[in-house]
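Taking it in order: structure first as structure tokens, then the write-up.
The values are calculated or read from the model by the stated rules, or taken from the named source; none is laboratory data. Everything quoted here is computed from the prediction, not taken from an experiment. Counting neighbours? That spans all protein chains shown, and the Cβs are built from the backbone with ideal geometry, glycine included.
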């Protein structure tokens with residue numbers, strides 16, 4: 001079997017393996033969203049509605065049907081690309097998600113880009129100078145970043161840069177078409193707040209991988225041949241240390257989902273995080289199911305890309 005055929009077969013197998021995963025996720029999300037104590041029909045009817053009015057709304061929403069039938073109707077629509085209709089707004093869930101996905105993707109991409117640009121050089125230098133003062137400074141920062149929750153870092157950043165220095169906006173979002181600086185200006189604080197944890201995580205993993213790789217024989221051979229330390233670090237050491245670092249970056253990108261919900265709430269960003277939080281409060285089942293399915297699909301896709309990247313970074317990993 002040729003290398004291209006082997007890679008194609010591997011990708012097809014990995015894609016097929018995601019189907020049962022998504023099915024289990026769909027069933028789990030459907031059940032969890034309906035196991036809560038509150039009834040969306042009662043929420044819509046209001047505090048003073050009688051049982052007859054609540055039953056009428058439940059019938060209109062299809063919530064009076066057996067659970068299995070409700071799941072069949074919903075899952076059949078998902079297969080056709082129909083995520084249902086919001087219980088409260090009456091708008092298609094796919095339309096609501098499409099209107100909110102831009103700010104969330106912008107925040108996630110900018111956060112991870114910011115984290116990678118800072119964390120990898122920090123980890124490389126800390127691994128190269130292991131045990132030095134510079135290494136200790138990097139590790140202290142990593143410990144502190146892990147010690148503070150995202151919302152607390154966000155509030156501290158708002159207090160310093162928005163309320164005291166008045167150089168960055170407190171909240172809101174501007175699209176890229178409005179200009180690069182307005183776009184970055186509104187996302188800078190939330191990206192730094194959300195990215196601080198991932199900077200620490202990626203920097204620590206890069207440091208640990210670099211320390212292990214720099215002790216290998218081929219690194220000493222490369223140095224003995226007269227190659228500069230800069231070339232050895234970037235071409236020989238970092239490339240071979242990239243597999244665990246890529247894993248952390250991929251998992252971290254998927255983990256941004258949870259952080260986005262908090263960050264968008266703190267900075268009033270109209271993204272999927274706030275849409276999800278509002279839907280949970282209102283028990284808006286279709287929105288909850290649609291957003292969680294989207295997040296789950298993104299997580300599965302990222303893991304698939306990481307698995308493929310493994311084989312490209314390290315030929316010793318067979319597919």
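Among the residues examined, residue 68 does not qualify as within 28 Å of residue 53 (Cα to Cα), over 24 Å from the mean Cα position of the chain (by Cα) and not in a helix (DSSP H, G or I). Taken over segment 210-260, residues that are under 25 Å from the mean Cα position of the chain (by Cα) and part of a helix (DSSP H, G or I) amount to 21. Taking residue 169 as the residue in question, decide whether it is assigned to a helix (DSSP H, G or I), surrounded by 17 or more Cβ atoms within 10 Å (Cβ to Cβ) and in contact (Cβ under 8 Å) with a residue 12 or more places away in the chain. Against the criterion (assigned to a helix (DSSP H, G or I), surrounded by 17 or more Cβ atoms within 10 Å (Cβ to Cβ) and in contact (Cβ under 8 Å) with a residue 12 or more places away in the chain), residue 169 does not qualify. For segment 285-296, the condition holds for at least one residue, the condition being that it is at pLDDT below 80, in a helix (DSSP H, G or I) and within 30 Å of residue 20 (Cα to Cα). All of (1) touching a residue at least 40 places away in the same chain (Cβ under 8 Å); (2) under 22 Å from residue 248 (Cβ atoms) hold for residue 125 with one exception: (1). Of the residues screened, residue 83 is one that is buried (at least 21 other Cβ atoms within 10 Å of the Cβ), at pLDDT below 85 and either under 18 Å from the mean Cα position of the chain (by Cα) or farther than 30 Å from residue 209 by Cβ (or both).
Whether a residue is free of Cβ contacts under 8 Å to residues at least 24 places away in the same chain, in contact with a helix residue (DSSP H, G or I) (Cβ under 9 Å, 6 or more places away or on another chain), in a loop (DSSP other than H, G, I, E, B) and surrounded by fewer than 19 Cβ atoms within 10 Å (Cβ to Cβ) was assessed, and residue 134 does not pass this test. Of the set (1) within 18 Å of residue 295 (Cα to Cα); (2) at pLDDT 80 or above, all apply to residue 33 but (2). Can you find a residue in segment 123-130 that is under 20 Å from residue 238 (Cβ atoms) and assigned to a loop (DSSP other than H, G, I, E, B)? Yes.
For segment 266-284: of the residues being surrounded by fewer than 18 Cβ atoms within 10 Å (Cβ to Cβ) and under 17 Å from the mean Cα position of the chain (by Cα), which is modelled with the highest pLDDT?
270
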